[in-house]
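What follows is a short report on a single structure.
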Amino acid sequence: MANLSFDFNKVKRTFFNVTLKDGRKLQVKMPMKKTFEKVAEMQNFTEDAEGVSIDDVMDTIGGLCAECISHNLNGEKITAQYMTDNYDLEEMQAFINEYYAFVGGITQNPN
């Protein structure tokens with residue numbers, strides 16, 4: 001009888017390298033389910049955000065960027081306030097789009 005095993009600690013990981021404006025370099029991990037769902041929803045958020053204030057849009061996107069970037073190898077936490085104080089809507093949306101493409105590329109081609 002074969003004795004098979006699997007060790008989650010030995011799974012090859014893929015990271016999304018992020019350089020912040022202040023020069024910090026972080027290796028962002030793949031998102032957990034809750035964050036992934038938010039990132040997927042965000043793909044249509046700005047198009048469907050009619051009637052929503054720009055402050056709400058900025059807070060929502062800033063919070064999501066902070067949540068994604070905070071899930072990094074160093075355990076460094078990024079706040080929504082930091083994101084909205086230092087990045088404009090276009091920059092944050094570009095990050096979300098690239099991060100979504102990164103995650104989508106991994107899920108479509110896991111090898």
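Per-structure values
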{"quantity": "Residues of region 48-75 that turn out to be within 20 Å of residue 34 (Cβ to Cβ) and in contact (Cβ under 8 Å) with a residue 40 or more places away in the chain, as a count", "calculated": "5"}
{"quantity": "Condition check for residue 30: of a type outside the set (Val, Ile, Thr) and outside any helix (DSSP H, G or I)", "calculated": "yes"}
{"quantity": "Tally of residues being assigned to a strand (DSSP E or B) and either touching a residue at least 60 places away in the same chain (Cβ under 8 Å) or surrounded by 13 or more Cβ atoms within 10 Å (Cβ to Cβ) (or both) across region 3-20", "calculated": "2"}
{"quantity": "Filtered residue count, region 68-90, keeping only those that are closer than 13 Å to residue 22 by Cβ, among the hydrophobic types (A, V, I, L, M, F, W, C) and part of a loop (DSSP other than H, G, I, E, B)", "calculated": "1"}
{"quantity": "Scope region 21-39; condition out of contact with any strand residue (DSSP E or B) (no Cβ under 7 Å at 6 or more places or on another chain) and surrounded by 14 or more Cβ atoms within 10 Å (Cβ to Cβ); matching residues", "calculated": "30, 31, 35, 36, 38, 39"}
{"quantity": "Matching option when the condition is surrounded by fewer than 10 Cβ atoms within 10 Å (Cβ to Cβ), at pLDDT 90 or above and of a type outside the set (Val, Ile, Thr), among 75, 51, 62", "calculated": "75"}
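The values are calculated or read from the model by the stated rules, or taken from the named source; none is laboratory data. All of these numbers come straight from a predicted model, not from anything done at the bench. Quick reminder, even Gly has a Cβ in these numbers, built from the backbone with ideal geometry, and neighbours come from all protein chains shown.
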